[in-house]
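Every read-out reported here was derived from the displayed coordinates using simple, explicitly stated rules and does not represent laboratory data. All values reported here derive from a predicted model rather than from experimental measurement. Using ideal geometry, Cβ is built from the backbone for each residue, glycine included, and neighbour counts are taken over all protein chains shown.
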Amino acid sequence: EDKVVQSPLSLVVHEGDTVTLNCSYEVTNFRSLLWYKQEKKAPTFLFMLTSSGIEKKSGRLSSILDKKELFSILNITATQTGDSAVYLCAVEPRGSTLGRLYFGRGTQLTVWP
Amino acid sequence: ETGVTQTPRHLVMGMTNKKSLKCEQHLGHNAMYWYKQSAKKPLELMFVYSLEERVENNSVPSRFSPECPNSSHLFLHLHTLQPEDSALYLCASSPQVGRDTQYFGPGTRLTVL
């Protein structure tokens with residue numbers, strides 16, 4: 001059973017649109033939630049979130065965590081074709097000495113010109 | 001440019017072949033990981049090494065054999081694989097096990113015939 005659930009599984013938008021990607025999780029003793037962008041192969045780190053309500057921003061991307069409701073969102077404003085990728089959410093339990101990250105299945109984002 | 005490199009980038013092998021995947025990190029990290037990414041499935045953690053010692057084998061079949069000769073290099077030796085082992089194999093590293101962000105290499109796309 002998946003511990004990290006992402007939605008939607010796929011999303012098609014036009015350039016300039018704003019998108020919101022969702023990640024909900026069920027992990028004992030939460031430590032952090034991470035967002036990655038995977039274009040062709042290697043996931044690229046975007047954000048690490050550890051505290052509720054504090055928005056992390058990087059250009060047109062932003063993310064926020066709600067530890068009470070156990071979810072995070074990733075927003076992308078003014079989307080561009082270069083934003084097309086799979087966006088992965090991963091959760092790390094606190095006290096993990098094993099480097100374990102639980103990944104979601106990802107959201108496939110396609111941005112059309 | 002990623003600080004984690006993997007070779008080869010693509011590999012096609014028969015079920016009776018023996019091959020090895022190589023990962024090298026130039027980030028001075030102490031922890032390295034092997035992940036498997038199959039189509040339509042979340043990333044799966046296979047092995048974790050900390051300072052060249054294996055700290056987790058996530059119930060991976062013995063036809064996958066890891067080797068970590070030093071903290072900068074990680075190998076995955078493959079022997080008598082099955083077609084269902086075809087996947088993208090990703091290497092990652094982090095400063096310490098179970099802490100901080102993991103940085104991924106570009107992956108090796110493996111096809112088992």
_Debye intensity ratio I(q)/I(0), log10, chain A, q values 0.11 Å⁻¹ (C-alpha model)_ = -0.32
*Over all Cα pairs of the range B:34-113, how is the pair count split among 10 Å bins, expressed in % and running from 0 up to the last occupied bin?*
17, 54, 26, 3
*Roughly how many debye, to the nearest 20, is the charge dipole of the protein assembly as shown about its Cα centre, given +1 on each Lys and Arg Cβ, -1 on each Asp and Glu Cβ, and no other charges?*
240
_Dipole axis of the range B:1-102 (+1 Lys, Arg; -1 Asp, Glu on Cβ), positive-most option in B:50, B:89, B:27_ = B:89
*Under-5 Å amide H pairs with residue A:106, H placed in peptide plane, nonlocal only*: A:6, A:89
*Once both labels are modelled 7 Å past Cα along the beta-carbon direction, what's the residue B:41-residue B:67 spacing in nm?*
2.6
*To the nearest whole number, what is the average tally of beta carbon atoms from other chains within 10 Å of the beta carbons of peptide B:31-42?*
3
*Would you mind computing the Rg to Rh ratio of the range A:27-84 from its alpha-carbon coordinates, Kirkwood style for Rh?*
1.00
*For residue A:79, what charge total do you get from the other residues with a beta carbon under 13 Å from its beta carbon, if Lys and Arg give +1 and Asp and Glu give -1?*
-1
_Please compute the average number of Cβ atoms from other chains found within 10 Å of each residue's Cβ in peptide B:87-96._
2
*Within 10 Å, count the other beta carbons around each residue, average over each peptide in B:19-32, A:7-20, A:38-51, and list them highest first.*
B:19-32, A:38-51, A:7-20
